[in-house]
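The block underneath contains the structure these notes are about, expressed in structure tokens.
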Amino acid sequence: MAPHYFLSFGKLTLLAPAMLLVGCSVLAPSPPADQTDICEIFAEQPDWYDYARSSEKKWGTPIATQMAFIQKESSFRSHVRPDREWLLGIIPWMRPSSAFGYAQAQDPVWGEYLAETGTVFSRRTHMKHATDFIGWYNQRSHRKVKIPLNDPGQLYLAYHEGQGGYARGSYKAKPQVRRSASQVASMARRYSQQLKRCESKFRCDKFYQVWPFCS
């Protein structure tokens with residue numbers, strides 16, 4: 001009989017998926033319980049505040065706008081993709097786009113982001129890189145089509161349609177896209193108001209940070 005401290009092949013086979021799930025849960029936080037309150041979101045995931053703050057300082061998009069984009073795009077789910085289409089109503093088929101991760105960045109534009117920023121090891125499933133991507137993209141919209149960085153609704157239209165599509169007004173024939181942009185703008189305003197009551201706490205949540213010198 002094998003010593004008790006060895007796992008049989010059968011037990012190991014059963015254990016491997018469980019270990020994989022545990023690993024995924026560590027790498028991918030669960031979506032916040034209350035996605036309508038940015039203070040509660042950052043209370044659950046304080047590192048997310050640091051990532052969004054870093055992106056804001058680097059690219060100029062407000063924290064509230066970044067988080068409103070992510071709430072709309074993925075509901076804070078790290079590995080989400082668009083649902084597959086169905087062939088003949090019964091056969092799972094291709095996905096409508098390559099969108100993936102917190103920011104639902106598609107393969108081509110994600111490649112442009114990596115090439116332009118030199119962040120070879122960035123992942124769409126990591127909040128740090130998702131917030132940086134949104135900041136980078138909105139800065140590009142600001143530069144190319146002159147959208148103010150404090151206008152989340154128009155920024156979202158360009159995010160969804162691309163700067164070229166936005167310039168052509170492609171969203172005008174898409175009422176659902178316009179509704180989504182309006183929802184993003186509303187959530188960004190809500191998050192911005194909420195952040196006023198709790199941001200100081202998150203700016204000074206590290207042992208080496210001392211108020212009022214946190215930045």
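Out of all the residues in region 87-108, is one or more surrounded by fewer than 16 Cβ atoms within 10 Å (Cβ to Cβ), modelled with pLDDT of 95 or more, in a helix (DSSP H, G or I) and not polar (S, T, N, Q)?
yes
Among the residues of region 67-78, write down those that are part of a helix (DSSP H, G or I) and closer than 14 Å to GLY101 by Cα.
Correct list: MET67, PHE69, ILE70, GLN71, LYS72, GLU73, SER74.
Cβ-Cβ distance below 9 Å, separation of 6 or more or different chains: which pairs start in region 169-184 with a residue that is within 25 Å of ILE38 (Cβ to Cβ) and in contact (Cβ under 8 Å) with a residue 40 or more places away in the chain and end on one that is crowded, with 16+ Cβ neighbours inside 10 Å and aromatic (Phe, Trp, Tyr)?
Once the first residue is within 25 Å of ILE38 (Cβ to Cβ) and in contact (Cβ under 8 Å) with a residue 40 or more places away in the chain and sits in region 169-184, its partners that are crowded, with 16+ Cβ neighbours inside 10 Å and aromatic (Phe, Trp, Tyr) give SER180/TYR156; GLN183/TYR156; VAL184/PHE69; VAL184/TYR156; VAL184/TYR159.
If you check LYS196 against the conditions, is it at pLDDT 95 or above, under 19 Å from PHE42 (Cβ atoms) and surrounded by fewer than 15 Cβ atoms within 10 Å (Cβ to Cβ)?
On the way: at pLDDT 95 or above: yes; under 19 Å from PHE42 (Cβ atoms): yes; surrounded by fewer than 15 Cβ atoms within 10 Å (Cβ to Cβ): yes.
Yes, satisfied.
Counting only residues that are over 17 Å from the mean Cα position of the chain (by Cα) and crowded, with 16+ Cβ neighbours inside 10 Å, how many does region 113-144 have? Let's see the steps before the verdict.
Looking only at region 113-144, we keep the residues that are over 17 Å from the mean Cα position of the chain (by Cα), and these are 115-118, 120, 140-144.
Then keep just the ones that are crowded, with 16+ Cβ neighbours inside 10 Å; that gives 140-142.
So the answer is 3.
Among the candidates PRO62, PRO3, PRO82, which residue alone is surrounded by 12 or more Cβ atoms within 10 Å (Cβ to Cβ) and either over 17 Å from the mean Cα position of the chain (by Cα) or at pLDDT below 95 (or both)?
Only one candidate passes the filter, namely PRO82.
Within region 153-186, can you find the residues that are of a type in the set (D, E, K, R) and either over 13 Å from TYR137 (Cβ atoms) or loosely packed, with under 14 Cβ neighbours inside 10 Å (or both)?
Passing the criteria: ARG168, LYS172, LYS174, ARG178, ARG179.
Check off (1) at pLDDT 95 or above; (2) assigned to a helix (DSSP H, G or I) for PRO31 and give me the number that stays unchecked.
(2)
The values are calculated or read from the model by the stated rules, or taken from the named source; none is laboratory data. Remember, predicted model here, so these are calculated numbers, not experimental data. Note that we place each Cβ from the backbone using ideal geometry, even for glycine, and neighbour counts take in every protein chain shown.
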